[in-house]
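So the structure is just underneath, and the comments pick up after that.
Quick note: the coordinates plus some simple rules give every number you see, no bench work behind them. Here the structure is a predicted model, which means the values were calculated and not measured.
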Amino acid sequence: MMHSFYWKFSLVTVFVLTMIAAGCDGDSNGSDDAGTDTDTDTDTDTDTDTDTDTDTDTDTDTDTDTDTDTDTDTDTDTDTDTDLDGGLDSGIDGGADVDGGADVDGGVDGGVQELQYIFWADSVAKAIYRMDADGSDVTTVVSAPTEGQIPDFCLDPVGEKLYWISKSGTENSKVFKADLDGANQEQITAIDLAHPIVIMDIDVDPVNERLYFLTMNEGYLRSSNLDGSDITELVTSGISTPGDLEVDPDGGKVYFSSQSFDTVKRVDLDGTNEETIVSSGLNNPYGLAVDTDTGILYIADYQATDGDIFTIGADGSGTLTSILTRSGLEDVAVDTAGDHLYFVDIGTDDVTRSDLDGGDVTTVYAGSSYPVAIELVY
């Protein structure tokens with residue numbers, strides 16, 4: 001029984017061991033083959049993927065460059081067209097403003113303006129003239145031989161209007177208006193002050209649309225709407241015989257001179273806050289002009305001989321200084337863009353220009369009969 005059991009046991013043992021050995025070898029060989037196949041496939045797939053990615057990247061870069069170039073060209077063309085159109089529109093609008101906008105009368109916009117026209121009034125000829133800045137192309141804008149003398153006038157660049165005074169004998173003073181070329185003349189009948197009150201000086205605030213005027217024989221400063229309505233008394237003493245009137249809308253001030261008291265004063269646009277700018281040193285102050293860029297006030301002091309153009313700070317600061325001597329000075333205007341003064345006098349009856357310091361005196365126009373007022377247009 002033992003031998004038989006041993007033999008059977010031995011056979012089983014050998015059989016089991018053989019099967020285990022065979023199974024282990026089979027699993028090992030199968031695993032090795034699978035690993036080999038996997039590695040081979042992986043390498044092949046990796047190479048293929050790499051090639052594909054490279055091609056894709058190349059195509060993407062090429063497309064991106066092409067799109068970028070196309071977009072850039074398109075944007076550039078669009079911007080250029082827009083700028084050109086904008087520049088053209090600005091030029092047209094700017095031209096319109098120069099001809100009749102707020103910048104006409106002295107560059108309220110702050111841009112550099114070139115002087116275009118000089119207007120002046122001749123009291124004896126009862127006329128207002130215009131000429132180019134170089135003295136050429138003299139044109140009669142207003143001729144009123146049947147009316148009274150023209151002691152003063154002013155320009156409204158915003159409304160494109162010209163205002164002037166007519167005074168004659170014992171008649172009431174009249175105020176007229178017209179277009180800047182003299183067309184459409186009409187009297188402002190609402191301004192009707194009974195004689196012996198005589199309107200001597202007039203100026204306009206184009207921003208707030210008000211007229212200002214000085215009267216003789218009572219010495220009042222008044223203002224009104226542009227149509228003559230709402231006449232308001234602003235200053236009722238300290239003027240007597242008026243010399244000139246200058247409105248500074250930007251500074252909110254009205255300057256006026258008195259020949260009787262030889263003074264220059266200023267008030268706010270509503271007539272309040274009266275200040276004395278010059279109380280001594282003048283003999284007969286007529287014309288006034290304010291350089292709003294430098295804050296300098298120019299005063300044409302009338303004398304039959306040895307009249308002067310004086311300067312002082314517009315607020316009264318500094319020293320009253322003579323920069324030019326000229327007989328019979330009537331009025332002065334300042335060209336802030338060209339750094340020149342323009343003035344008229346009855347000593348020579350000329351329209352004359354000088355530098356702001358009074359140097360380089362040049363006759364612009366000779367041949368007027370009695371020039372009394374001057375205005376500039378840009």
Can you tell me how much longer the chain between Ser237 and Val207 gets when fully stretched, taken as 0.36 nm per residue apart minus their C-alpha distance, in nm with one decimal?
8.1 nm
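Quick one, what does Rg over Rh come out to for segment 117-377 if you take C-alpha atoms and the Kirkwood Rh?
Expressed as Rg/Rh, it is 0.93.
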